[in-house]
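Have a look at the structure below, then the notes.
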Amino acid sequence: MSQQKNKYDLIIIGAGFAGMYSLYKAKLAQINVLVIEKASGVGGTWYWNRYPGARCDVESMQYSYQFSKELQDEWEWTEKYATQSEILKYANHVAERFNLKENIKFNTEVKSVIYKEENNNWVITDNNNKTITSTFCIMATGCLSTINKPNFKNINQFSRPILHTGTWPHEKVNLKGKKVGIIGTGSSAIQCIPEIIKEVDHLYVFQRTPHYTVPARNRPLKYIRKKITEIARKPQGYDTNLYVEEVKAHYKDFRLRAQNSVAAMVLPINEESALEVSKERRKSVYEDRWKKGGVPFIAAFQDLNFDRDANETAAEFVRNKIKSLVEDSATAKILTPKYPIGCKRLAVDSNYYETFNKPNISLIDLNTEPLDEFVSNGLSTFKNLYELDVIILATGFDAMTGTLFNIDIQGKNNIKLKDKWADGPKTYLGLTTESFPNFFIISGPGSPSVLTNMIVSIEQHVNWIFDCFKFMKKNKKSSIEASLQAEQEWVKHNQDVSVDHVRSSCSSWYMGANIKGKARIFMPYVGGYANYVKKCNQVSQNNYEGFIIK
Ligand code: N01
């Protein structure tokens, strides 16, 4: 273990949930480690995304670490879906409970990560031009951590505040009595709009593509506790009325079921086909899922993700809900998506469609009224001028590769990651990339990551990496790198499994379609979490097949 100043065995970039757990494991293994974090605190996504209404759409009893039984037992979630502030509190609790902050250098942005073949190490340079070296490097930089700020015409002309949901200010933003414009209607806007409507004088929603969303039916967990469910005892199935004590009493089994699932979470998948049941049965299943709320809606039938006709039955159900919930038929029409449901990530909301019945909201369809430019006091479309006090950009992220490309990452022979991935990311298992030895990515492209319950996926990745470290130490190896052949096969497999999946059937950030000039390729692994874990385990059990270890 190296102890020299500015020389580490392991550098971890990012102190979100991936960075924190990597650090915990490194400390446990007594590895000489440093975490570098741009923010002034831990939490990653939950540090930055503080917009009103921000919360997780994975249930809180599942969206948490499982590496420590004590941590799992002692932490009390207060709502079915935790708010951003509660998740951030949890992240800080974890950091303090396991003394993580002492190894994190905050307020520091990594600018370059360059491999030096002659020393078999990485040279990391930060925004203060400080340089350190490390044998191993873990990129725990997140999948949705670089915001997409489109190059709107004359954006700098607007003389009042422009906010982005992904970098929302830490201090309270006062929208009371203000005329506010919001551009974008993805998951972030869908959570934000029903909250800020309570405060603003008038809200103008600028929509390019309508998004499918289902009600969250969020509730305090104390209320749920009074209910009797069989959740953790059932080998299959699941009731959204999570009963905290029961889950905690059977947490191990509960987590195991998530490990063996498609999305790393206990989700009630109905094994029936939407096309093989009666019309009445289909409607009643959808109604039941709608009533219970949350992402389980998309698991209402087993064929919604692969059969377009089956998918259409679910899409049509939601379209009819929009029609019944939104009073003004013209507004309802604009809010109604036409593409398959689940292609863009299904959003989960609290009163999103109902918000459009309020007197102080206007929906602007950018397809019939395209944006022209920002002006000093508002936004101008080709039809109207909207006077605004504040503009909110809910325009999403340069997902999965954006943050990696913002850092100058160079592997063997000075090959830049950005150049290597110019036609789309190329990884082996989403964890490593050929020509970049001792370099790991957590929840990288080619791993299930954003299609799963992220904390569970993160723990699996980190455990795999640290098992690999153990293997290398035991076998006195100093370098591990994906072979080109293994990488090519994995990339091909990724594309093969995505071809018929609904997720690749429209333009979305999964495909890089939201960023001008970005390669159009389906980035996360859509073959299912359990299959992915099986593959990772097979690789490690076979002495890291597909890797070159020296
Ligand atoms: O971003 P998005 P997001 N002109 O990319 C529009 C996670 N998340 O921040 O669809 C006009 O989904 C764009 O329009 P279009 C979750 O994984 C999780 O909402 O490209 N409009 C779209 O409407 C999610 O998927 C939670 O036509 C423009 C919107 O902006 C991911 O984050 C909560 C535009 C962007 O939607 C991203 O969600 C929130 C332009 N030039 C987010 N450019 C949880 O609950 C873009 N748009 C865990």
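Summary of values
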{"item": "Test: residue in segment 500-515 that is within 14 Å of the ligand (Cβ to nearest atom), over 20 Å from the mean Cα position of the chain (by Cα) and either in a loop (DSSP other than H, G, I, E, B) or of a type in the set (Phe, Trp, Tyr) (or both)", "result": "no"}
{"item": "Any hit, segment 524-537, residues being over 28 Å from the mean Cα position of the chain (by Cα) and either within 23 Å of Met265 (Cα to Cα) or of a type in the set (Phe, Trp, Tyr) (or both)", "result": "no"}
{"item": "Given (1) at pLDDT 90 or above; (2) crowded, with 17+ Cβ neighbours inside 10 Å; (3) of a type outside the set (Ser, Thr, Tyr), index of the condition Val247 fails", "result": "(1)"}
{"item": "Test: Arg233 is in contact with a His (Cβ under 8 Å, 6 or more places away or on another chain) and modelled with pLDDT under 95", "result": "yes"}
{"item": "Selection from segment 534-550 of residues that are crowded, with 18+ Cβ neighbours inside 10 Å and in a helix (DSSP H, G or I)", "result": "Cys536, Val539"}
{"item": "Single unsatisfied condition, Leu429 versus (1) surrounded by 19 or more Cβ atoms within 10 Å (Cβ to Cβ); (2) within 16 Å of the ligand (Cβ to nearest atom)", "result": "(2)"}
{"item": "Segment 33-88: number of residues that are under 30 Å from Asp126 (Cα atoms) and β-branched (Val, Ile, Thr)", "result": "6"}
{"item": "Criterion violated by Arg289 - all others in (1) out of contact with any Pro (no Cβ under 7 Å at 6 or more places or on another chain); (2) over 24 Å from Leu256 (Cβ atoms) satisfied", "result": "(1)"}
{"item": "Conditions (1) touching a residue at least 12 places away in the same chain (Cβ under 8 Å); (2) farther than 19 Å from Ser505 by Cα; (3) out of contact with any Phe, Trp or Tyr (no Cβ under 7 Å at 6 or more places or on another chain); (4) not small (Gly, Ala, Ser): number failed by Lys252", "result": "(1)"}
{"item": "Residue in segment 215-228 that is away from the ligand (no atom under 11 Å from the Cβ), at pLDDT 95 or above, more than 29 Å from Ser64 (Cα to Cα) and not in a helix (DSSP H, G or I) present", "result": "no"}
{"item": "Among residues of segment 134-164, those that are outside any loop (DSSP other than H, G, I, E, B) and surrounded by fewer than 17 Cβ atoms within 10 Å (Cβ to Cβ), counted", "result": "3"}
{"item": "Selection within segment 436-453 - touching a Leu at 6+ places or on another chain (Cβ under 8 Å) and in a strand (DSSP E or B)", "result": "Phe440, Ile441"}
{"item": "Scope segment 180-203; condition part of a loop (DSSP other than H, G, I, E, B) and within 9 Å of the ligand (Cβ to nearest atom); matching residues", "result": "Gly184, Thr185, Gly186"}
{"item": "Residue count, segment 352-402 (criterion: free of Cβ contacts under 8 Å to residues at least 12 places away in the same chain and part of a strand (DSSP E or B))", "result": "2"}
{"item": "Qualifying residue in segment 132-143 (condition: within 11 Å of the ligand (Cβ to nearest atom) and not basic (Lys, Arg))", "result": "yes"}
{"item": "Which listed residue is assigned to a helix (DSSP H, G or I) and either at pLDDT below 95 or surrounded by 24 or more Cβ atoms within 10 Å (Cβ to Cβ) (or both), from Leu88, Leu71, Leu23", "result": "Leu23"}
{"item": "Segment 370-422 - residue that is acidic (Asp, Glu) and closer than 21 Å to Lys516 by Cα and, of those, surrounded by the most Cβ atoms within 10 Å (Cβ to Cβ)", "result": "Asp398"}
{"item": "Scan of segment 255-287 for residues that are under 27 Å from the mean Cα position of the chain (by Cα), under 21 Å from Asn311 (Cβ atoms) and free of Cβ contacts under 8 Å to residues at least 60 places away in the same chain, ordered by number", "result": "Leu267, Pro268, Ile269, Asn270, Glu271, Tyr286"}
{"item": "So Gly177, is it surrounded by fewer than 13 Cβ atoms within 10 Å (Cβ to Cβ) and part of a loop (DSSP other than H, G, I, E, B)", "result": "yes"}
{"item": "Residue check, Glu59 out of contact with any Leu (no Cβ under 7 Å at 6 or more places or on another chain), within 16 Å of the ligand (Cβ to nearest atom), under 30 Å from Glu246 (Cα atoms) and of a type in the set (Asp, Glu)", "result": "no"}
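Let's see how each residue does on (1) under 30 Å from Pro337 (Cβ atoms); (2) part of a helix (DSSP H, G or I); (3) touching a strand residue (DSSP E or B) at 6+ places or on another chain (Cβ under 7 Å):
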| residue | (1), (2), (3) |
| --- | --- |
| Ile455 | yes, yes, no |
| Gln460 | no, yes, no |
| Asp467 | no, yes, no |
| Glu481 | no, no, yes |
| Lys518 | yes, no, no |
| Met523 | yes, no, no |
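The values are calculated or read from the model by the stated rules, or taken from the named source; none is laboratory data. All values reported here derive from a predicted model rather than from experimental measurement. Quick reminder, even Gly has a Cβ in these numbers, built from the backbone with ideal geometry, and neighbours come from all protein chains shown.
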